[in-house]
Amino acid sequence: MAAEVPIVDLAAPRDELVEAVRAAFSATSNAQCPGMLRLKMSARHAAQLRAVHAESRQFFELPAAAKGEYLTAPGYPSGPHRCGGYKPQKAYEDADGRLHMLNEWFVAGCPRPIDRSIEPEYYDTEEGRHFFADDTPRNWPAEVPGLRPAADEYFLTTERVCFQLLDAFEAVLGCEPGELLNRARREPFYVTTIAHYPEQSVPPPEGQMRIDPHYDQSFFALVGTCDAGLPSGNLEVRGMDDEWREVGLGEGELVLNCGEQLARLSNGMLHHAVHRVQNPQPTAEPGSTSRISVMTYFQVDYDAAITPLPSSVAASGIPPKYPESRAGELILYTDPELSERLGYDLEAQNKMRIAQGLYDEASNMMAVAKPSDYTEVDLDITTKTLQEAGGVVGVRAAERTTLKSIAPQRTSRL
């Protein structure tokens, strides 16, 4: 089943672009693909995507030992975001004990050096040193000298598109001028990541996916590929009816996935896109199940407040659904040890993710894209905790939304 993802032309005048984004994210247009739209690229941008695609394929075709010489900095994705390199991500083991790669990444960092003299206190906090510890040089493969210039050019053009979209979202959400743009006024810690989904030579285990169902913790993500015409193994989005649909991209298009930060700022009016990549069955046609995707995860400054905007609260007609967080806190959620060291409130973060319909109380990822209310979830969990402790009798438990659990998949990692 194919999703009817709305398309927006990035070359349109600003007012037309804003109205197109507004229409694309209306409840009617976005029910099949919440939090997602397609973007028509400029000819120059599309050519840059093709160059990254071609150069990165040369890299991924290198022997495993050669690729292993260019590993990314330790700790990625929660480590220094500006340092690039190779990241073997996920594999599965067949009945004969052989590992089969599901996905592998090459992370391309920001090509600009940091000017720490402009606002040194931003870079000199513990968080700042974590995100901007870029003394380690980006790890470019000598065997593919064209990858670095291609990735750098693509990054800079995509960055301009990100700010074009940030401006459009400002208008769509009715913000004060600069209310979103001022959250991203310093050096970025976002990156372009090139994902490779290799050829599948054996039938995968039932339920084994290249990318499990998830949402992005970023502000939004832009994903491009030159392999959109493949018969299987493409990006899928979960609709508001809980059905999975394949996202078809045309030549010279990107897909935009709303992330958690944008969903919270909109007070739940914009949804974070829940998506996955299926693991296809082998085919007789060589190369038909190999795929490359070029992903840019746009982030605001790590200390930017992520809380429902006044305009979003007014437009939604309901009180703020989520208390204030900071962007860095959301990005580092997957690193509990670091989060605790930085003083982040992981208990509050857990409750907010339960409210957003993507985790249960045991931290199992859920499949439902519909957000609920943090305060109701907070009340329910608190009530349950007190009742289990025998401290309170007769306290009303909040009405809960039934969530469908996704059973965790057992995988081997390289």
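Evaluated against (1) assigned to a loop (DSSP other than H, G, I, E, B); (2) open to solvent by less than 10 Å² (accessible area, probe 1.4 Å); (3) over 27 Å from Asn139 (Cα atoms), Phe169 falls short on exactly one condition, (1). Quick check: anything in the range 327-346 in contact with a strand residue (DSSP E or B) (Cβ under 8 Å, 6 or more places away or on another chain) and surrounded by fewer than 20 Cβ atoms within 10 Å (Cβ to Cβ)? Scanning the range 327-346 turns up no residue that is in contact with a strand residue (DSSP E or B) (Cβ under 8 Å, 6 or more places away or on another chain) and surrounded by fewer than 20 Cβ atoms within 10 Å (Cβ to Cβ). Residues that are of a type in the set (D, E, K, R) and modelled with pLDDT under 75 number at least 2 in the following helices (runs of 4 or more DSSP H) confined to the range 318-365: 346-355.
Note on the range 135-156: residues that are in contact with a Lys or Arg (Cβ under 8 Å, 6 or more places away or on another chain) and open to solvent by less than 10 Å² (accessible area, probe 1.4 Å) amount to 1.
Yes/no matrix, rows are residues, columns are (1) under 19 Å from Thr225 (Cα atoms); (2) modelled with pLDDT of 80 or more; (3) open to solvent by 20 Å² or more (accessible area, probe 1.4 Å):
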{"site": "Ala46", "(1), (2), (3)": "yes, yes, no"}
{"site": "Leu49", "(1), (2), (3)": "yes, yes, no"}
{"site": "Ala54", "(1), (2), (3)": "yes, yes, yes"}
{"site": "Gln58", "(1), (2), (3)": "yes, yes, yes"}
{"site": "Glu61", "(1), (2), (3)": "yes, yes, yes"}
{"site": "Ala65", "(1), (2), (3)": "no, yes, yes"}
{"site": "Ala73", "(1), (2), (3)": "no, no, no"}
{"site": "His81", "(1), (2), (3)": "no, no, no"}
{"site": "Pro88", "(1), (2), (3)": "no, yes, yes"}
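Tell me whether the range 102-112 contains one or more residues that are within 29 Å of Ala184 (Cβ to Cβ), open to solvent by 50 Å² or more (accessible area, probe 1.4 Å) and at pLDDT below 85. Looking through the range 102-112, at least one residue is within 29 Å of Ala184 (Cβ to Cβ), open to solvent by 50 Å² or more (accessible area, probe 1.4 Å) and at pLDDT below 85. Selection over the range 308-317 of residues that are touching a Cys at 6+ places or on another chain (Cβ under 8 Å) and part of a helix (DSSP H, G or I) gives a count of 1. For the structure I just gave you, tell me whether Arg183 is farther than 18 Å from Met295 by Cβ, in contact with a strand residue (DSSP E or B) (Cβ under 7 Å, 6 or more places away or on another chain) and not in a loop (DSSP other than H, G, I, E, B). No, not satisfied.
Name every residue in the range 1-50 that is of a type in the set (S, T, N, Q), touching a Ser or Thr at 6+ places or on another chain (Cβ under 9 Å) and over 15 Å from Val223 (Cβ atoms), in order of residue number. Scanning the range 1-50 gives a single hit, Ser42. All told, Ala195 meets the bar of being over 30 Å from Thr307 (Cα atoms), of a type in the set (A, V, I, L, M), modelled with pLDDT under 95 and out of contact with any Leu (no Cβ under 6 Å at 6 or more places or on another chain). One residue stands out in the range 1-40 among those that are among the β-branched types (Val, Ile, Thr) and open to solvent by 70 Å² or more (accessible area, probe 1.4 Å): the one that is nearest to Glu253 (Cα to Cα), namely Ile7.
Could we say that Tyr154 is closer than 28 Å to Ala43 by Cα and not charged (D, E, K, R) here? Quick ask: steps written out before the conclusion?
Numbers: closer than 28 Å to Ala43 by Cα: yes; not charged (D, E, K, R): yes.
Against the criterion (closer than 28 Å to Ala43 by Cα and not charged (D, E, K, R)), Tyr154 qualifies.
Tell me which residues, restricted to the range 248-281, are in a strand (DSSP E or B) and basic (Lys, Arg).
Matches in the range 248-281: Arg276 only.
If only residues of the range 99-114 that are touching a residue at least 40 places away in the same chain (Cβ under 8 Å) and part of a loop (DSSP other than H, G, I, E, B) are counted, the one that is farthest from Gln89 (Cα to Cα) is Ile114. When the criteria are applied in full, Arg245 meets the requirement of being open to solvent by less than 30 Å² (accessible area, probe 1.4 Å) and assigned to a strand (DSSP E or B). Residue count for the range 270-306, restricted to those that are over 30 Å from Ala348 (Cβ atoms), open to solvent by 40 Å² or more (accessible area, probe 1.4 Å) and either at pLDDT 90 or above or of a type in the set (Ser, Thr, Tyr) (or both): 1. Contact annotation: residue pairs with Cβ atoms under 7 Å, 6 or more positions apart or on different chains, pairing a residue in the range 139-152 that is touching a residue at least 40 places away in the same chain (Cβ under 8 Å) with a partner that is of a type in the set (Gly, Ala, Ser), are Asn139/Gly84; Asn139/Gly85; Glu143/Ala66; Leu147/Ser56; Ala150/Ala51; Ala151/Ala108. Note on the range 115-162: among residues that are part of a loop (DSSP other than H, G, I, E, B) and within 24 Å of the chain's Cα centre (by Cα), the one that is modelled with the highest pLDDT is Trp140.
The values are calculated or read from the model by the stated rules, or taken from the named source; none is laboratory data. The structure presented is a predicted model; accordingly, all values stated were derived computationally and were not measured. Note that each Cβ is placed from the backbone with ideal geometry, even for glycine, and that neighbours are counted across all protein chains shown. Areas reflect the complete protein model, heavy atoms only, side chains present, ligands, DNA and RNA absent. Shrake-Rupley method; radii C 1.70, N 1.55, O 1.52, S 1.80 Å.
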